[in-house]
Amino acid sequence: MEDKTYQKPEQGGRIGGSDPDRTLRVEGIVAGGLGFVVDNGKRVYVPGGLPDDVVRIGLVDDRDGGAYAEIVETVSFGIDRREPPCSHADICGGCQWQVLAYADQLSLKRAMVESSFVDRGVRIDVPDVLPSPSELRYRDRVDYAFGPAPDGSLALGLHGVETGVFPVEDCQLQSVAANETRRRLGQALAATRLRPYDETRRTGVLRGLVVREADENRLATLVVSSDKHIPIETLHEATQGDGLVVHVNRRRSRHAIPKSERVVTGEGWLHEVRSGLRLRVSPRTFTQVNSAQSERLCEIAINAAAISPGDRVVDLYCGVGILSMLSAKAGASVLGVELSESTVEDARHNLTLNEIEACAICLDDADGGIWQASVDGPVDSFLINPPRAGIERGVVDRVCAHTPERIIYVSCNPVTLARDVQRFRRAGYHIKAVQPVDMFPQTVHIEVIATLVRGG
């Protein structure tokens, strides 16, 4: 039975009485899980509020192109909250919706997608969200951070909502085995004198630990500012057969391309099978973090492309080449386009690994001119899978220059998807169908596949 009394701090403030002058009902929700009330005819975003919650709000602050207010009190819940399954839920910023039943999460995600299109004036029926096969233990990659614990020791964990890094006992989005890999390496590093990296002072050594897994094999990437005093032998023992790579990164962002890479154990990459394809995945290569659901996402995208033998397909932001190779197996002649050098190396290796001949991978930006110069004449279908920021205006022009019959746009941000659909509409394309796919249970994030067709 759902518990209406449980309240996560960032999910709506404390329960109690109300000020009738400022008590309002949450009218809806937009992408990012942001609820909103209507105050004197003005939409005011209330972080933590969910539809039909009755809340008392504080002062309205106009910023970032909108109006925002803090929820001072939640008078009543419109959607039941529950005790979250994770012991870190109250302090971790990773899983915003563990307090909600999964069916409610899916309903809210559909509403977010719908509101993104409505706010852009795009009319499209949004079907129910395709649920993930697993609600927990689905992530095959988690980026952990180092920081000082309250007692001065080394903390290896995640960033809290209102705190720095807190030590993680068990991240329930990742498997038990991957959590154990993190725990062993954390213990080995805690026994040293190495300190966490301070990005402001640019002191310390330990910057981050990425734990990835695929088909029962794991690869950890330790990111450090210097590898001079890294206890290689100790870490080798702590891996217990898992792969370990050390990246030296002295730039301000710990996600920057490393200055050097050292393979401590294993081959330096993961091997896995997705959608019937054998893949090599290097430490810096992006793949969807929910591998089981990603296969269903790829199946939907390829079916929407309606590829016939002899079709010409261009796959922008192709990553390791999964959609490119599936398109080639369906009979198309394919050009994949990817900007990351390490990812392109993986994608080309994967073509050889899977004996795919009717496909080439081009190292270029989606808005670059190299790939376009190699494509003569019309293209039947474009596959587009950009980052959260969506695509640049120039990409729309480059795509439309090849007059594709259809465009399959896979988006992890419904707001930028709706914006880009509007841009394609001005170029003569209309949106035929969308399918939301939940790749990220317990969070506010949602993936959407949109099919656009020329004319109409």
**Asked** Which one is surrounded by the most Cβ atoms within 10 Å (Cβ to Cβ), of the residues in region 317-341 that are assigned to a helix (DSSP H, G or I) and hydroxyl-bearing (Ser, Thr, Tyr)?
**Response** Ser327
**Message:** I'd like the full set of residues that are of a type in the set (A, V, I, L, M, F, W, C) and closer than 18 Å to Val223 by Cβ, limited to region 140-157.
**Reply:** Val142, Ala145, Phe146, Leu154, Ala155, Leu156
**Asked** Residues in region 271-305 that are touching a strand residue (DSSP E or B) at 6+ places or on another chain (Cβ under 6 Å), closer than 16 Å to Asp143 by Cα and not β-branched (Val, Ile, Thr): how many?
**Response** 1
**Request:** Would you mind stating whether Ile91 is outside the structural domain of Asp438 (by TED's automatic domain parsing), modelled with pLDDT of 95 or more and in contact with a strand residue (DSSP E or B) (Cβ under 9 Å, 6 or more places away or on another chain)?
**Result:** no
**Asked** In the set Leu209, Leu158, Leu244, which member is touching a Cys at 6+ places or on another chain (Cβ under 7 Å), under 26 Å from Gln288 (Cβ atoms) and touching a residue at least 40 places away in the same chain (Cβ under 8 Å)?
**Response** Leu158
**Message:** Taking the conditions exactly as written (crowded, with 21+ Cβ neighbours inside 10 Å, modelled with pLDDT of 95 or more and either aliphatic (A, V, I, L, M) or closer than 30 Å to Pro441 by Cβ (or both)), does Val344 satisfy them or not?
**Reply:** yes
**Asked** Of all residues in region 347-366, how many are outside any helix (DSSP H, G or I) and either of a type in the set (A, V, I, L, M) or at pLDDT below 95 (or both)?
**Response** 6
**Request:** Give region 372-397 a look and list any residue that's among the basic types (Lys, Arg) and farther than 17 Å from Arg419 by Cα, or say none.
**Result:** none
**Message:** Would you confirm whether or not region 71-84 contains a residue that is closer than 15 Å to Thr443 by Cα and surrounded by 17 or more Cβ atoms within 10 Å (Cβ to Cβ)?
**Reply:** yes
**Request:** Can you tell me which residue among Val410, Val375, Val421, Val415 is touching a strand residue (DSSP E or B) at 6+ places or on another chain (Cβ under 9 Å), over 16 Å from Val448 (Cα atoms), touching a residue at least 12 places away in the same chain (Cβ under 8 Å) and of a type in the set (A, V, I, L, M, F, W, C)?
**Result:** Val375
**Asked** Can you spot a residue in region 195-208 that is hydrophobic (A, V, I, L, M, F, W, C) and in a loop (DSSP other than H, G, I, E, B)?
**Response** yes
**Message:** Can you list residue pairs whose Cβ atoms sit under 6 Å apart, with the first residue in region 442-456 being touching a residue at least 12 places away in the same chain (Cβ under 8 Å) and surrounded by fewer than 17 Cβ atoms within 10 Å (Cβ to Cβ) and the second being of a type outside the set (A, V, I, L, M, F, W, C) and assigned to a loop (DSSP other than H, G, I, E, B)? Count only pairs 6 or more apart in sequence or on different chains.
**Reply:** Arg454/Glu405
**Request:** Mind listing just one residue for me: the one in region 244-267 that is touching a helix residue (DSSP H, G or I) at 6+ places or on another chain (Cβ under 9 Å) and buried (at least 17 other Cβ atoms within 10 Å of the Cβ) and, of those, nearest to Phe146 (Cα to Cα)?
**Result:** Val246
**Prompt:** Can you name the strands (runs of 3 or more DSSP E) wholly within region 268-316 that have at least 1 residues being out of contact with any helix residue (DSSP H, G or I) (no Cβ under 8 Å at 6 or more places or on another chain)?
**Reply:** 270-274, 312-316
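Given the residues Gly204, Gly241, which is the only one that is surrounded by fewer than 21 Cβ atoms within 10 Å (Cβ to Cβ), touching a Pro at 6+ places or on another chain (Cβ under 9 Å) and at pLDDT below 95?
After ruling out the rest, the residue left standing is Gly204.
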**Request:** Would you check if there is a residue in region 148-170 being within 18 Å of Ala238 (Cβ to Cβ), of a type in the set (A, V, I, L, M, F, W, C), within 18 Å of the chain's Cα centre (by Cα) and buried (at least 16 other Cβ atoms within 10 Å of the Cβ)?
**Result:** no
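For region 173-194, name all the residues that are crowded, with 22+ Cβ neighbours inside 10 Å and part of a loop (DSSP other than H, G, I, E, B).
Matches in region 173-194: Leu173 only.
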**Prompt:** Restricting to region 83-99, what's the tally of residues that are over 19 Å from Pro167 (Cβ atoms) and either under 17 Å from the mean Cα position of the chain (by Cα) or without any contact (Cβ under 8 Å) to a residue 60 or more places away in the chain (or both)?
**Reply:** 2
**Prompt:** Which pairs do you get when a residue that is surrounded by 15 or more Cβ atoms within 10 Å (Cβ to Cβ), found in region 111-138, comes within reach of a residue that is among the basic types (Lys, Arg), reach meaning Cβ atoms under 7 angstrom, with the pair 6+ apart or on two chains?
**Reply:** Arg120/Arg419; Val126/Arg110; Val129/Lys109; Val129/Arg110; Leu130/Arg296
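The values are calculated or read from the model by the stated rules, or taken from the named source; none is laboratory data. Treat the numbers as computed from the prediction; the structure is a model and nothing was measured. In this analysis, Cβ positions are derived from the backbone assuming ideal geometry, glycine residues included, and neighbour counts consider all displayed protein chains.
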